[in-house]
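The values are calculated or read from the model by the stated rules, or taken from the named source; none is laboratory data. These numbers come from a predicted model, not from an experiment. All Cβ positions, even for glycine, are placed from backbone atoms using ideal geometry, and neighbour counts span all protein chains on display. Calculation scope for accessible area: heavy atoms of the full protein, side chains included, ligands and nucleic acids excluded. Shrake-Rupley method; radii C 1.70, N 1.55, O 1.52, S 1.80 Å.
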Amino acid sequence: MTVQNAFKSWELHKSDSPLIIAGPCSAESEQQVMNTARELQNTQVNLFRAGIWKPRTRPDSFQGVGHIGLKWLQQVQQEFGIQAITEVANTEHIEQVLKHDIRNIWIGARTTTNPFAMQEIANAIKGVDVSVFVKNPINPDCELWIGAIERIQNAGIKRVAAIHRGFSTFNKTQYRNVPQWQIPIELRQQMPDIPMICDPSHIAGHTKPLQEISQKAYDLNFNGLIIETHINPKEAWSDAQQQITPQELKSLLNSLVIRKKNAENNHIKHCLEDLRHKIDYLDDELIGILEQRMQIIEKIAEHKKDNNISVLQSDRWKNLLDQMIDAGSKKGISKECITNVFKAIHQESINKQTKIINNY
Ligand code: PEP
Ligand code: MN
């Protein structure tokens, strides 16, 4: 399937066959690029990825081979018939990429955060026939991601996709970049025609969870995957711990189940509708309970105001959260879910109480 085809079928929302992008984090040598690409020809892989200019956190890390590597990508296109894709961050990168006949580019997470850089890129590709894949910004800001995509669309580019690669956090988690699935889901709601690709490699940061994250993306109707694949991952010059071999990629892809987007037969459809009605009913109940809780909060606020007591009672809040986490875990609800829900409820209570106490 060519990229053009893939985009067309996504537009029609008919394709059950995902777009697969694979290849090394970075192009390192002609041999490494060609040997990896050779193993990926005649597989499900539609696009061959390799970073030429690498946005690295520290200046002493490998910064990418630079434009010399574009010749190797051109060779991949010619010898193996797989189109190449690479990262661009400025006008010079775009000029070099187009000169080497590469028609697919991705915008890295650090670049998406910067509207000046996004506009520079958009201006440089105005009217050019390229596919543009926009990674989410490193911070969990859906508007910034949407803005970056709009700048590319405003330049007249028709084939634009989003890549979900997770979000940076200060806290140590099991992920290199936390997925926060609600953000790509929100983007899809606001931009339903933009295909969504998942990047399990940069979400995970290591190889073990790649399968699970990829399956989750398929379960959420993502339109494809970008997975870092290297002929010899242990020796990779960047992101060594998260790359897999072409052989491992093939088994991973074969293990994934592609779900149907919609139920075909009436019985399945009705079953689903019944269950959804039950959910709708419970959601209404939840709103009713929250309303009652807020009414009590108002009474507490009046009481605190009359007796000059402070809004935040840290010990009480800590105990409450611990109790709820404990109660939730007995019912199979994760600590993360309970914490998120009760933090939101608690924040709303504090806002309400502050208003009442200060007569806002
Ligand atoms: C990459 O794809 O190798 C890369 C640098 O990704 P990100 O911009 O998501 O960090
Ligand atoms: Mn990488």
Q | Matching entry among 245, 229, 207 (being open to solvent by 20 Å² or more (accessible area, probe 1.4 Å), in contact with a Pro (Cβ under 9 Å, 6 or more places away or on another chain), within 16 Å of ligand 1 (Cβ to nearest atom) and among the β-branched types (Val, Ile, Thr)) | A | 207
Q | Residue list for region 101-120, restricted to those being aromatic (Phe, Trp, Tyr) and within 19 Å of the chain's Cα centre (by Cα) | A | 106
Q) What number of residues in region 310-328 are loosely packed, with under 11 Cβ neighbours inside 10 Å and small (Gly, Ala, Ser)? A) 2
Q.
Could you list, ordered by first residue, the pairs with Cβ atoms under 8 Å in which the first is in region 50-70 and free of Cβ contacts under 8 Å to residues at least 12 places away in the same chain and the second is open to solvent by 70 Å² or more (accessible area, probe 1.4 Å) and part of a loop (DSSP other than H, G, I, E, B), at least 6 apart or interchain?
A. 63/56
Q: Please verify whether region 323-346 includes one or more residues that are among the hydroxyl-bearing types (Ser, Thr, Tyr) and in contact (Cβ under 8 Å) with a residue 24 or more places away in the chain.
A: no
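Listed here are the residues, each with its yes/no results for (1) open to solvent by 30 Å² or more (accessible area, probe 1.4 Å); (2) within 16 Å of ligand 2 (Cβ to nearest atom).
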position: 44; (1), (2): yes, no
position: 55; (1), (2): yes, yes
position: 63; (1), (2): yes, yes
position: 66; (1), (2): no, no
position: 70; (1), (2): no, no
position: 74; (1), (2): yes, no
position: 78; (1), (2): yes, no
position: 83; (1), (2): yes, no
position: 100; (1), (2): no, no
Q: May I ask you to list the residues in region 79-130 that are part of a helix (DSSP H, G or I), closer than 18 Å to residue 53 by Cα and among the charged types (D, E, K, R)?
A: 92, 95, 99, 110, 120
Q) residue 265 passes all but one of (1) away from ligand 2 (no atom under 16 Å from the Cβ); (2) of a type in the set (S, T, N, Q); (3) under 16 Å from residue 199 (Cβ atoms); which number fails? A) (3)
Q: Could you grab me the full set of residues in region 131-189 that are part of a strand (DSSP E or B) and in contact (Cβ under 8 Å) with a residue 40 or more places away in the chain?
A: 131, 133, 135, 159, 161, 163, 164
(Q) If I go through region 110-148 residue by residue, how many of them are over 23 Å from residue 21 (Cα atoms), modelled with pLDDT of 95 or more and open to solvent by 50 Å² or more (accessible area, probe 1.4 Å)? (A) 11
